[in-house]
1. Does residue 199 qualify as being open to solvent by 20 Å² or more (accessible area, probe 1.4 Å), assigned by TED's automatic domain parsing to the domain that holds residue 149 and either touching a residue at least 60 places away in the same chain (Cβ under 8 Å) or aliphatic (A, V, I, L, M) (or both)?
2. Test residue 266 against the criterion of being farther than 16 Å from residue 228 by Cα, of a type in the set (D, E, K, R) and not assigned by TED's automatic domain parsing to the domain that holds residue 190, and give yes or no.
3. Any chance you could count how many residues in region 54-66 are within 16 Å of ligand 1 (Cβ to nearest atom) and without any contact (Cβ under 8 Å) to a residue 60 or more places away in the chain?
4. Within region 74-95, take every residue that is of a type in the set (Val, Ile, Thr) and away from ligand 1 (no atom under 11 Å from the Cβ) and give me the one that is farthest from residue 282 (Cα to Cα).
5. How about region 57-94: which of its residues are charged (D, E, K, R) and either within 16 Å of ligand 2 (Cβ to nearest atom) or part of a strand (DSSP E or B) (or both)?
6. Select from region 47-64 the residues that are among the aromatic types (Phe, Trp, Tyr) and open to solvent by 40 Å² or more (accessible area, probe 1.4 Å) and list them in ascending order.
7. Mind listing just one residue for me: the one in region 254-310 that is among the acidic types (Asp, Glu) and either touching a Lys or Arg at 6+ places or on another chain (Cβ under 9 Å) or part of a loop (DSSP other than H, G, I, E, B) (or both) and, of those, least open to solvent (accessible area, probe 1.4 Å)?
8. From the set of residues in region 6-46 that are closer than 17 Å to residue 83 by Cα and surrounded by 19 or more Cβ atoms within 10 Å (Cβ to Cβ), which is nearest to the chain's Cα centre (by Cα)?
Amino acid sequence: MPTIIINLGQESARKHIEEMVRLDPLLEIREWPDIGNPEDIDIAMVWQMPHGELAKFPNLKMIVSMAAGVDHVFLDPLRPKGIPIVRVTNPHMARSMGHWFLMNILRLHRETVYFDALREEKIWPPEIAFDTDSVSVGILGLGYLGTHVAQMLKAVGLKVQGWSRTEKNIDGIQSFSGEFGLDQMLVDTNFLACLLPNTQATKGILNFRVFNKMPQGSYVLNAGRGSQLVELDLLQALDNGQIRGAALDVFETEPLPTNHPFWTDKRILLTPHHAAEVYLPAVVKTFLDNIYRSRNNEPLIGLVDEELGY
Ligand code: NAP
Ligand code: GLV
């Protein structure tokens, strides 16, 4: 009997299994690490599966990343090659990612940390004006999420441009590609928003060189992956004023170590890898759709390009 294996935290795995079996009582699902006979498993639904585990299933037909990112699968050197990998592409997730960027761009632009500090002292601030027309967002990564985010920010009246591996044609959003295109975008970007996948090509992309191409006093927002930000470069750029503030959802090491300087740095807004909501009833439907497609040899949704690694 073809069987699905799922690895997540216990509570989350239980909720997923309950919902999947509620929708399809005939599904056979095992919760890793109780794998039973590994030969039974045809589909592995994973989030940060310990390296080497996927190699144990000789009859695997599909790997489902229970996230938008697939770096956690590609980083496993023993991962069986040539097996289709699918990932979450879901409008709920895209909408909440848009909310995260909108919320943080406005928090930074409207200086909410400064006003909260004044409030602590019961100080009524001096008159202050905000020039929202000066906000120019540059999005790194115009994929499934980046495109949704760009459109949402555009819809609330912000100036938005974006950079990706291949150029895009998105209404009202100027699109750039290549190294020269990145530099062109950066000179006119004061809110740099990263939504790139974690690959060799994107590692450390948020660095001094990039910060220095932006106007002085710009902001950096990262909800891609922690490996994309050179954390020391950000701290130095904050100290020398090139970067005025940042909003980070992802970090080189997660959970963020308690002695990490980001925790206490008021110039940095932090969220704990929480930018995008995973709405369980919606993602479970897409998981089931792909499970049926895989078993019926039909085209898969959210299929990852093995060569590109995303
Ligand atoms: P996606 O649809 O695969 O889009 C990736 C985008 O990045 C594409 O536009 C791609 O360009 C571009 N890109 C990739 N490599 C590039 C390079 N070397 N140079 C320039 N552009 C490059 O992915 P997605 O669904 O939008 O998700 C993006 C990432 O967001 C995920 O991989 C994950 O790391 C992160 N994420 C974080 C959270 C969170 O809670 N913090 C939640 C979900 C996702 P092309 O279109 O030209 O190929
Ligand atoms: C979360 O980080 C995701 O990749 O979905």
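1. Details: open to solvent by 20 Å² or more (accessible area, probe 1.4 Å): yes; assigned by TED's automatic domain parsing to the domain that holds residue 149: yes; either touching a residue at least 60 places away in the same chain (Cβ under 8 Å) or aliphatic (A, V, I, L, M) (or both): yes.
It is true that residue 199 is open to solvent by 20 Å² or more (accessible area, probe 1.4 Å), assigned by TED's automatic domain parsing to the domain that holds residue 149 and either touching a residue at least 60 places away in the same chain (Cβ under 8 Å) or aliphatic (A, V, I, L, M) (or both).
2. Details: farther than 16 Å from residue 228 by Cα: yes; of a type in the set (D, E, K, R): yes; not assigned by TED's automatic domain parsing to the domain that holds residue 190: no.
Answer is no for this residue.
3. Start the filter on region 54-66 by keeping residues that are within 16 Å of ligand 1 (Cβ to nearest atom), which leaves 63-66.
Now narrow it down to the ones that are without any contact (Cβ under 8 Å) to a residue 60 or more places away in the chain: 63.
Summing the residues that are within 16 Å of ligand 1 (Cβ to nearest atom) and without any contact (Cβ under 8 Å) to a residue 60 or more places away in the chain in region 54-66 gives 1.
4. Residues of region 74-95 that are of a type in the set (Val, Ile, Thr), as a first pass: 83, 85-86, 88-89.
Checking which are away from ligand 1 (no atom under 11 Å from the Cβ) leaves us with 83, 85-86.
Details: 83: 25, 85: 19, 86: 16 Å.
Once the filter is applied, the top-ranked residue is 83.
5. Within region 57-94, the subset charged (D, E, K, R) is 61, 71, 76, 79, 81, 87.
Scanning region 57-94 gives 71, 76, 87.
6. Here is the first cut: in region 47-64, the ones among the aromatic types (Phe, Trp, Tyr) are 47, 57.
Within region 47-64, just 47 meets the criteria.
7. To start, the set of residues in region 254-310 that are among the acidic types (Asp, Glu) comprises 254, 265, 277, 289, 298, 305-307.
Imposing the further condition that a residue be either touching a Lys or Arg at 6+ places or on another chain (Cβ under 9 Å) or part of a loop (DSSP other than H, G, I, E, B) (or both) reduces the set to 254, 265, 277, 298, 305-307.
Numbers: 254: 83, 265: 26, 277: 93, 298: 90, 305: 65, 306: 71, 307: 168 Å².
Looking at the filtered set, the residue picked out is 265.
8. Of all residues in region 6-46, those closer than 17 Å to residue 83 by Cα come to 6, 38-46.
Narrowing the set further to residues that are surrounded by 19 or more Cβ atoms within 10 Å (Cβ to Cβ) leaves 6, 41-46.
Values: 6: 21, 41: 29, 42: 27, 43: 24, 44: 21, 45: 18, 46: 16 Å.
This residue is 46.
The values are calculated or read from the model by the stated rules, or taken from the named source; none is laboratory data. All values derive from a computational prediction rather than experimental measurement. All Cβ positions, even for glycine, are placed from backbone atoms using ideal geometry, and neighbour counts span all protein chains on display. Remember, those area values only see protein heavy atoms, side chains included, never the ligands or the DNA or RNA. Shrake-Rupley method; radii C 1.70, N 1.55, O 1.52, S 1.80 Å.
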